[in-house]
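Down below is the structure, laid out as structure tokens.
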Amino acid sequence: MQSFTHITVEGGGPLEGTVPVGGAKNSVLKLMAATLLAEGRYVLSNVPRITDVDLMSELLRATGCTVARDGLLLTIDVPSEIEPVAPYEIVEQFRASIVVMGPMLARCGEARVALPGGDDFGPRPIDMHVRGLQELGVEFETAHGYIHARTGNLQGARVLLEFPSVGATENLLMAAVRAKGITVIDNAAREPEIADLCELLNKMGARIVGAGSSTLTIDGVDSTDALHAATHTVIPDRIEAATYLCAVGISGGEITVAGARHEHMTMLCQKLGEMGMRISHDREGIWALANRRMMSTDCQSLPYPGIATDFKPFLVTMLASSDGVGIVTENLFSGRFRYVDELRRMGADIRTDSHHAIIRGVGKLSGAPVRAHDIRAGAALVIAGLAAEGETVVSDAEHIARGYDDIAGKLNGIGGKVSYR
Ligand code: UD1
């Protein structure tokens with residue numbers, strides 16, 4: 001457990017060396033949820049030491065599982081009967097907990113999940129999760145702040161998602177694994193984390209075809225014993241990798257992000273190339289060189305394989321010191337520009353207009369006290385501080401611990417001057 005509330009960054013010179021990337025937060029949380037589908041002992045490796053994993057562990061414990069960590073290994077013992085409830089105290093702390101609904105329905109025919117609240121980047125409805133599950137024969141009732149989902153029998157169906165929602169695709173996948181007959185999810189999300197989930201589910205005995213594409217076909221297994229526990233290694237975190245690549249874009253220097261998978265972030269690497277970075281990759285990871293001031297560019301967030309909305313704070317931060325004007329458009333989450341006010345406090349020249357940000361590069365930013373509103377925005381402020389004049393103190397930095405396993409240690413390993421408080 002990382003416990004700090006502030007991160008202090010001393011602005012300095014170029015970054016140099018090798019930084020390792022950890023397991024993907026957005027994958028491991030769903031892999032952990034998937035274990036609820038069948039009794040037995042699961043061993044997940046490459047599990048990052050982040051708060052969201054601790055919260056998901058708590059959630060699994062609340063259902064009756066035993067969860068133990070040993071370094072980067074997580075062992076989950078799932079009992080023969082689980083309690084299909086996700087309590088409010090846990091759900092309110094992290095929204096990803098909604099993905100336990102699919103596996104609980106598949107295992108128990110019901111799920112009681114506290115309604116997730118809003119968060120710092122706009123409302124995040126779950127209407128697509130609900131509509132898709134209704135197609136599979138699930139009925140919903142809402143009372144006392146909980147959604148109660150119930151089904152007599154999950155039935156395979158064709159579900160067309162109106163938007164390739166990551167969470168809705170995952171919930172549907174995990175329910176469909178135990179439905180009677182074939183389920184086809186059309187316009188499914190294609191994120192690498194979903195392919196990782198499909199891989200674990202297939203190891204557990206599921207029959208899913210099309211992982212990583214926009215059409216997922218699931219041939220349901222309708223007997224309880226057809227699914228079993230498995231072991232799995234979590235894929236590397238492409239968002240963490242993007243953080244370090246953009247950090248070098250801002251500070252200059254030459255780094256290797258060890259373990260990063262270029263094929264999971266091709267579009268971002270292309271964009272960084274346009275801005276003037278040299279990037280190459282091999283089986284060990286991604287190498288990046290930034291030996292001059294970056295040039296501004298325009299970009300927009302889109303579902304995978306487009307530029308992820310989670311990369312955007314890093315790109316905005318890079319643009320804040322680049323040469324020229326760039327327009328960044330957010331297409332997924334309406335309120336995801338709050339960190340811009342913080343960057344302005346560091347001297348950035350950024351104007352926002354609904355889901356657009358217009359960024360005029362100012363050269364060097366100036367260190368200042370700033371506040372982290374969420375995981376990625378917080379990390380963006382840390383990397384902004386690396387190249388800023390003087391000291392930057394990021395408060396509410398516990399948000400960063402939700403998704404980064406020792407960000408200070410890793411940045412210090414490549415020449416940063418970052419500390420916790
Ligand atoms: C996941 C990621 C998050 C990432 C996002 C988009 C995790 C834990 N989080 O979030 O880091 O930024 O994917 O890549 O994996 N929507 C609806 N109705 C729904 C579901 C979603 O309107 O039922 C909307 C959302 O409000 C949002 C868009 O669809 O505007 C994308 O959401 P979704 O892909 O579901 O994101 P998450 O799974 O919540």
- Note on the structure: Given unit charges at Cβ for Lys, Arg (+) and Asp, Glu (-), the dipole magnitude of the chain about its Cα centre in debye, nearest 20, is 580 debye
- In segment 158-261, the trypsin sites (Lys or Arg not before Pro) that sit in a DSSP loop and have at most 16 other Cβ atoms within 10 Å of their own Cβ are Arg207
- Message: Report the Rg/Rh value for segment 95-218, based on alpha-carbon coordinates and the Kirkwood definition of Rh.
- Response: 0.94
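Given the Cα-Cα distance of Arg344 and Phe140 and 0.36 nm per residue of separation, how much length would full extension add, in nm?
Gain in length upon complete extension: 69.0 nm.
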- Go through segment 162-169 residue by residue and turn each phi into a ³J(HN,Hα) via Karplus (6.51, -1.76, 1.60, θ = phi - 60°); whole Hz please, and just put x for glycine and proline. 6, 8, x, 5, 5, x, 5, 4
- Message: Can you give me the long-range amide H partners of Gly40? Hydrogens built in the peptide plane at 1.01 Å from N, cutoff under 5 Å, separation of 5 or more residues or another chain.
- Response: Val78
- For segment 298-353 and segment 148-227, compute the distance between their C-alpha centroids and round to whole Å. 33 Å
- Message: Below 8 Å between Cα atoms, with a sequence gap of 6+, how large is the relative contact order for the chain in percent?
- Response: 21 percent
- Item | Note, ³J(HN,Hα) from phi for segment 131-138, Karplus 6.51, -1.76, 1.60, rounded to Hz, x at Gly and Pro | 4, x, 5, 4, 4, 8, x, 9
- Task: Tell me which residues come under 5 Å, amide H to amide H, from Asp323 once H is placed; ignore anything under 5 positions away on its chain.
- Result: Met294, Met295, Ser296
- Message: Quick query: amide H of Gly212 versus all other amide H atoms, modeled in the peptide plane; which residues come in under 5 Å with a sequence gap of 5 or more or a different chain?
- Response: Ala195
- Note on the structure: In the chain, lysine pairs 8 or more places apart or on different chains with C-alpha atoms under 30 Å apart total 20
- 1.4 Å probe accessible area per residue over segment 239-297, in Å²: 40 Å²
- What list of ³J(HN,Hα) values in whole Hz, one per residue of segment 409-416 in order, does the Karplus curve 6.51 cos²θ - 1.76 cosθ + 1.60 (θ = phi - 60°) give from phi, with Gly and Pro shown as x? x, 5, 5, 5, x, 10, x, x
- Could you give the dipole magnitude of segment 25-233 about its Cα centre, charging the beta-carbon of Lys and Arg +1 and that of Asp and Glu -1, in debye to the nearest 20? 320 debye
- Query: For the chain, what is the mean residue ellipticity at 222 nm derived from helices alone (per DSSP H run of n ≥ 4: -39500 (n - 2.57); sum divided by total residues; nearest 500 deg cm²/dmol)?
  - Reply: -9000 deg cm²/dmol
- Query: Based on the alpha-carbon gyration tensor of the chain, what equivalent-ellipsoid semi-axes (square roots of 5 times the eigenvalues) come out, in whole Å, largest first?
  - Reply: 38, 21, 20
- Message: What number comes out for accessible area per residue over segment 25-233 if the probe is 1.4 Å? Units Å², please.
- Response: 38 Å²
- Query: Of all the Cα-Cα pairs you can form in segment 25-233, what percent are over 27 Å apart?
  - Reply: 21 percent
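The values are calculated or read from the model by the stated rules, or taken from the named source; none is laboratory data. On a predicted model such as this, the values are computed, not experimentally measured, just so you know. Because the Cβ atoms are built from the backbone with ideal geometry, glycine has one as well, and the counts that use them run over all protein chains shown. For accessibility, only protein heavy atoms count, side chains too; no ligands or nucleic acids. Shrake-Rupley method; radii C 1.70, N 1.55, O 1.52, S 1.80 Å.
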